[in-house]
Amino acid sequence: MINLRELDRKWQILWGVLGVLGLIGLGLRLTEGLKITNLTSYVSWGLWIAFDIYFVGLSAGSFLLSSMIFIFRLEKFERIGRLALFTALVTLICALTSAWFDIGHMERFYKVFLYPHFSSMMVWVIFLYSLYFIVLLLELRLVLRKELVALAAEKNLVGKIANLFLFGNHDTSKEALEKDEQTLRKFGMAGVPLALGFHGGMGALFGVVAANPYWHSAVTPIYFVIGALLSGVAFLCIVLYLFWEERDAYFEEVIKSLKNIVLGLLIVDFIFEWAEFSIAFWGGNPEHTVAFKLILFGPYWYVFWIFHLGLGVFLPVYLLSKKESTISQIVTACALIAVTFMAVRLNIVIPGLSFERFEGIENAFVQPRLSFHYMPSLEEWLASIFVIWMGLTIFYLGARYFPLLHSENSSSGKED
């Protein structure tokens, strides 16, 4: 177990190394622009967009679970509600940063709010991003009110930020906290369709591209939502394992309950994927199958067969379907699913752009930026490391200043 409140030296060193590498990547992106990438005129989306939809999925999955806990007052999962909510916020920030890196002129991001074109699916997705972000902040304000009030009393920067976040309301009476709980349920109810629309809209961003048969499908938004639930709940299992300091019977009960949810979602996700591949090949239309052939037999075949199917599906199914799976086996399976799900996101973004729409076009004009071959550059990976490092840093700060897990006496207002 990693104690996120008191990191030992080896984790401090790892955090420092990631920070140095990530800040180098950030500096290169800010000073050199998109020329540090291996993106081309044909493959205009790459690693950063794949990370964007990957983190968005983690966020949506965690948020939907937290909403179910708050709406239906699921006692078994009551203690993990605020941690799920915080996880949703951290991963959303990572997603927004990854998408920001992909913008040519990063300083112009605000213009989509000033000059929106509502005929564009991208605009709708950005507005849903923003609304979802606001809902997450408001919900966290409600579940962390007492801790924020305590921090606001401190005469430092943290206190000033906490006071600003409270909007001047420092009431922690029993009546105020009960009202917060009622408001939280309402936010949760509103947040479920928002999260579904938010991540389904991300799927629709790909699905509405009629010129790309690989993406153009009515089930693409549904496929995105199922993937979000699967990766988000699996990732939350890892976070729980890191945050939960007392490995008691209740901890085992929660992990084993989440195991059943993850296994069910993994099977459903695989069925959707099988349907997507089998229908495309059954039809036999070359325009529909070219991207699938790239995934299965192209230069990066191992991403699908080894990382996704082998490590991300078959091995987790084996570990989770065992009648008496141990906690370490469950967490290992969830870690494999959550980490290798990045392969799914890469196989959505890149193969859909890596084939010729017109035969011979790649040879008509020969130039490094006019290629259908794409491999992320070192600089792209370094900037992505910054995003991961930033997320880890926010998790650490959250664990340091807030009890993100309710204690067993949380119903009476006591905390860890």
- Task: Name the one entry in Arg82, Arg108 that is among the charged types (D, E, K, R), buried (at least 24 other Cβ atoms within 10 Å of the Cβ) and at pLDDT below 95.
- Result: Arg82
- Would you call Val313 surrounded by 15 or more Cβ atoms within 10 Å (Cβ to Cβ), modelled with pLDDT under 95 and either in contact with a strand residue (DSSP E or B) (Cβ under 8 Å, 6 or more places away or on another chain) or β-branched (Val, Ile, Thr) (or both)? no
- Query: Of all residues in the stretch 276-295, which are in contact (Cβ under 8 Å) with a residue 12 or more places away in the chain and over 24 Å from the mean Cα position of the chain (by Cα)?
  - Reply: Phe277, Ala280, Asn285, Glu287, His288, Val290, Ala291, Phe292, Leu294
- Query: Just one of the numbered conditions (1) without any contact (Cβ under 8 Å) to a residue 60 or more places away in the chain; (2) exposed (fewer than 13 other Cβ atoms within 10 Å of the Cβ) is not true of Ala162; which one?
  - Reply: (2)
- Task: Identify, by number, the condition in (1) surrounded by 23 or more Cβ atoms within 10 Å (Cβ to Cβ); (2) not in a helix (DSSP H, G or I) that Asn212 doesn't meet.
- Result: (1)
- Consider Ala291 against the criteria (1) among the hydrophobic types (A, V, I, L, M, F, W, C); (2) surrounded by 14 or more Cβ atoms within 10 Å (Cβ to Cβ); (3) modelled with pLDDT of 95 or more: it satisfies all of them except one. Which criterion is unmet? (3)
- Message: For the stretch 386-400, which positions are over 15 Å from the mean Cα position of the chain (by Cα) and either under 21 Å from Leu47 (Cβ atoms) or among the β-branched types (Val, Ile, Thr) (or both)?
- Response: Phe386, Thr393
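The values are calculated or read from the model by the stated rules, or taken from the named source; none is laboratory data. Only a predicted model underlies this, so the values are computations on that prediction, with no experimental measurement involved. All Cβ positions, even for glycine, are placed from backbone atoms using ideal geometry, and neighbour counts span all protein chains on display.
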